[in-house]
There are 2 protein chains.
Amino acid sequence: MQVFAAALGKYTPRVETIAHTGQLVGAIEAGGTKFVCAVGRGPGTDMLARAQFPTGDDPARLLAEVVEWLAAQEREHGQLAALGVASFGPVDLDRSSRTYGFITTTPKRGWRGTDVLGPLRRAFPGRPFGFDTDVNGAALGEGRWGAARGLEDFVYVTVGTGIGGGGVIRGRPMHGLVHPEMGHFPMPVLDGDRFAGSCAIHGRCWEGLCAGPAIEARTGKPASELAADDPAWDLTARYMAYAFATLTYVLSPKRIVFGGSVRKAGRFGEAAFFERTRAALLEVLAGYIDSPALTPGGVRDFVVPPALGDDAGVCGAMALAHDSLDAAAAHGGR
Amino acid sequence: MQVFAAALGKYTPRVETIAHTGQLVGAIEAGGTKFVCAVGRGPGTDMLARAQFPTGDDPARLLAEVVEWLAAQEREHGQLAALGVASFGPVDLDRSSRTYGFITTTPKRGWRGTDVLGPLRRAFPGRPFGFDTDVNGAALGEGRWGAARGLEDFVYVTVGTGIGGGGVIRGRPMHGLVHPEMGHFPMPVLDGDRFAGSCAIHGRCWEGLCAGPAIEARTGKPASELAADDPAWDLTARYMAYAFATLTYVLSPKRIVFGGSVRKAGRFGEAAFFERTRAALLEVLAGYIDSPALTPGGVRDFVVPPALGDDAGVCGAMALAHDSLDAAAAHGGR
């Protein structure tokens with residue numbers, strides 16, 4: 001795959017990251033619709049077992065089911081060296097906080113203020129745990145095994161029911177004040193576009209202009225039913241270009257991995273939608289940043305689809321588990 | 001000072017950073033208008049000598065003058081342990097590149113493709129050098145000695161003739177593909193605002209709406225001559241709020257240090273302009289991010305003026321010099 005070849009040319013393995021890749025770990029992608037759980041050493045054939053559970057509105061029951069499944073896998077495949085959780089949010093990532101590992105202010109029924117990490121830790125005592133946002137997890141997964149392999153600075157975005165982004169800087173996901181919420185930055189409006197945006201909070205933020213519900217609100221149809229020549233595709237590509245320009249100017253990523261369902265672009269098609277978005281991005285940047293990555297040839301490796309497909313999230317949780325082993329080793333214990 | 005007290009409460013010194021602070025270093029802030037040079041161990045009374053030179057259009061001559069001044073200081077104050085350069089750009093920050101330490105594609109006459117670092121290194125052989133963008137340098141300076149002291153994740157922005165931003169993540173400035181160019185991301189347009197923006201490349205990007213020349217183009221007067229009740233102040237504050245919202249959503253900084261001449265806001269006044277900008281920021285964020293920093297009380301410590309004033313840049317260059325000693329020590333020598 002061209003993307004990998006280009007990336008591997010510059011790949012400097014980071015010893016502390018590589019050391020624990022390959023150990024048997026448990027992974028939980030805690031999504032707003034479903035929880036995907038896996039046990040394994042990596043993606044593909046290294047994933048020994050995988051299961052999914054509807055998220056529902058009863059966290060205690062769901063977490064008990066997840067624990068039971070993981071414990072059964074452990075009896076079958078051997079002890080899990082560590083576990084990783086990549087969770088929908090907002091979540092508390094501050095290890096010194098009383099609510100570290102909690103989902104905090106979500107509007108999702110039953111989940112506000114839920115301690116996700118606590119019940120899992122109690123069920124698997126003595127094991128290190130990694131915990132991060134779903135998009136930071138997916139970014140790490142794509143960085144370790146997917147479309148950003150070998151890069152230290154990149155961003156993963158998912159555009160589906162909502163929009164989220166995980167930025168990786170010098171090999172580590174960004175946290176900061178809380179954690180990024182990239183779907184909600186303000187956006188310019190294209191000339192003549194009267195659409196008010198679908199974000200309940202911000203109207204025409206990125207999510208309000210480009211997520212699946214925005215396309216449906218704009219056209220009256222789900223994206224999957226739009227004609228290939230519906231003008232909404234071009235509009236959406238142009239708005240995506242504005243958003244990617246913002247990420248490029250603010251983060252200076254070496255690559256943007258563009259995941260989520262909207263990128264598949266129904267009848268218009270994924271390849272055509274990526275081409276349109278890349279061309280519009282170059283137009284918006286207007287040559288301001290002088291880099292081979294931002295030329296008509298280079299941009300194909302700058303904006304790329306994810307390589308792990310539907311497994312990006314759960315692979316990300318595996319990467320978080322592996323990283324927690326690295327961190328535990330660095331601190332001379334677990 | 002309240003800002004410092006709040007920050008120090010959470011301050012965990014990073015040993016590798018602290019180790020070399022206090023050594024005698026040389027610092028060069030290479031600006032588009034002037035070069036500010038200093039020799040010292042830190043800001044204030046720790047700065048033993050300071051001089052400035054107009055940038056002009058003859059890099060070779062200017063760099064020779066800078067070398068001569070630094071060498072004279074060295075004879076007077078003792079050997080410089082390291083040197084730091086914080087330069088206007090775009091610059092090449094890739095240490096493996098043939099043009100590392102060069103200013104690359106600037107439109108500034110005489111400076112395109114100039115090797116800034118080379119002549120300095122040859123003049124001070126055997127000494128480690130730090131090199132980064134002017135805004136990354138200023139950010140490090142504010143982080144070490146100024147308004148972001150004790151924070152690992154923050155952003156410094158300067159709004160003057162142009163707009164630039166330096167993001168610090170986990171204590172280190174962002175580089176990535178090239179380096180951030182935060183002044184140029186696309187912006188929404190406020191209802192009824194017909195101003196086309198002053199950026200020659202992008203029109204209504206952040207710089208095209210909020211930098212000094214934008215205010216002058218909008219009103220026909222330099223910012224310093226605007227009446228205190230000129231509507232341009234409110235407009236500018238509201239656009240600044242959009243830009244800070246974007247930085248908040250994308251970077252999740254713990255603080256935004258807002259420097260440069262525009263923040264002083266002429267007759268409207270710095271305090272009033274900050275209050276207006278902070279209030280507008282909370283309005284744009286609309287409560288989406290749940291953090292004490294983003295409440296009417298907390299935002300005063302979230303958007304703050306710089307503490308190093310006109311010395312932020314040259315202090316940043318000192319910080320780069322100190323960091324280069326740390327890096328040299330970490331690699332077991334220079």
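Miscellaneous remarks
- Number of the condition not met by B:THR277 [criteria: (1) touching a Phe, Trp or Tyr at 6+ places or on another chain (Cβ under 6 Å); (2) open to solvent by less than 30 Å² (accessible area, probe 1.4 Å)]: (1)
- Residues in region A:201-237 that are under 18 Å from A:PRO188 (Cα atoms) and of a type in the set (Ser, Thr, Tyr): 1 in all.
- Of the candidates A:VAL67, A:VAL25, A:VAL36, the single residue that is open to solvent by 10 Å² or more (accessible area, probe 1.4 Å), modelled with pLDDT of 95 or more and of a type in the set (Val, Ile, Thr) is A:VAL67.
- When region A:186-245 is filtered for residues that are out of contact with any Phe, Trp or Tyr (no Cβ under 9 Å at 6 or more places or on another chain) and in contact (Cβ under 8 Å) with a residue 60 or more places away in the chain, nothing remains.
- Identity of the residue in region B:252-279, touching a Gly at 6+ places or on another chain (Cβ under 8 Å) and over 16 Å from B:LEU226 (Cα atoms), that ends up farthest from the other protein chains (Cβ to nearest Cβ): B:GLY260
- Residue in region A:303-310 that is touching a residue at least 12 places away in the same chain (Cβ under 8 Å) and open to solvent by less than 10 Å² (accessible area, probe 1.4 Å) present: yes
- Condition check for B:ALA81: modelled with pLDDT under 90 and under 23 Å from B:GLY143 (Cα atoms): no
- Candidates in region A:203-251 are the residues that are under 12 Å from A:GLY162 (Cβ atoms) and within 14 Å of another protein chain (Cβ to nearest Cβ); of these, the one that is most open to solvent (accessible area, probe 1.4 Å) is A:GLU207.
- Of all residues in region A:70-111, those being in a loop (DSSP other than H, G, I, E, B) and open to solvent by less than 50 Å² (accessible area, probe 1.4 Å) number 17.
- Whenever a residue of region B:320-334 is modelled with pLDDT under 80, its partners that are surrounded by 14 or more Cβ atoms within 10 Å (Cβ to Cβ), lying with C-beta atoms within less than 6 angstrom and at least six residues away or across chains, give the pairs B:ARG334/B:PRO128; B:ARG334/B:ALA328.
- Residues that are modelled with pLDDT of 95 or more and either β-branched (Val, Ile, Thr) or buried (at least 21 other Cβ atoms within 10 Å of the Cβ) (or both), drawn from region A:39-54: A:VAL39, A:GLY40
- Residue in region B:163-185 that is touching a Cys at 6+ places or on another chain (Cβ under 9 Å), surrounded by 24 or more Cβ atoms within 10 Å (Cβ to Cβ) and at the interface with another protein chain (Cβ under 7 Å from one of its Cβ atoms) present: yes
- Within region B:141-153, the residues that satisfy the criterion of being open to solvent by 10 Å² or more (accessible area, probe 1.4 Å) and of a type outside the set (D, E, K, R) are B:GLY143, B:TRP145, B:GLY150, B:LEU151.
- Check on A:ASP132, acidic (Asp, Glu) and either open to solvent by 40 Å² or more (accessible area, probe 1.4 Å) or part of a loop (DSSP other than H, G, I, E, B) (or both): no
- Region B:186-196, residues that are in contact with a helix residue (DSSP H, G or I) (Cβ under 6 Å, 6 or more places away or on another chain) and open to solvent by 20 Å² or more (accessible area, probe 1.4 Å): B:PHE195
- Residues located in region A:119-129, provided they are part of a helix (DSSP H, G or I) and open to solvent by 10 Å² or more (accessible area, probe 1.4 Å): A:PRO119, A:ARG121, A:ARG122, A:ALA123
The values are calculated or read from the model by the stated rules, or taken from the named source; none is laboratory data. In this text the structure is predicted, and so the values were computed from the model without any measurement. Note that we place each Cβ from the backbone using ideal geometry, even for glycine, and neighbour counts take in every protein chain shown. Quick note on the areas: whole protein, heavy atoms, side chains included, nothing else; ligands and nucleic acids left out. Shrake-Rupley method; radii C 1.70, N 1.55, O 1.52, S 1.80 Å.
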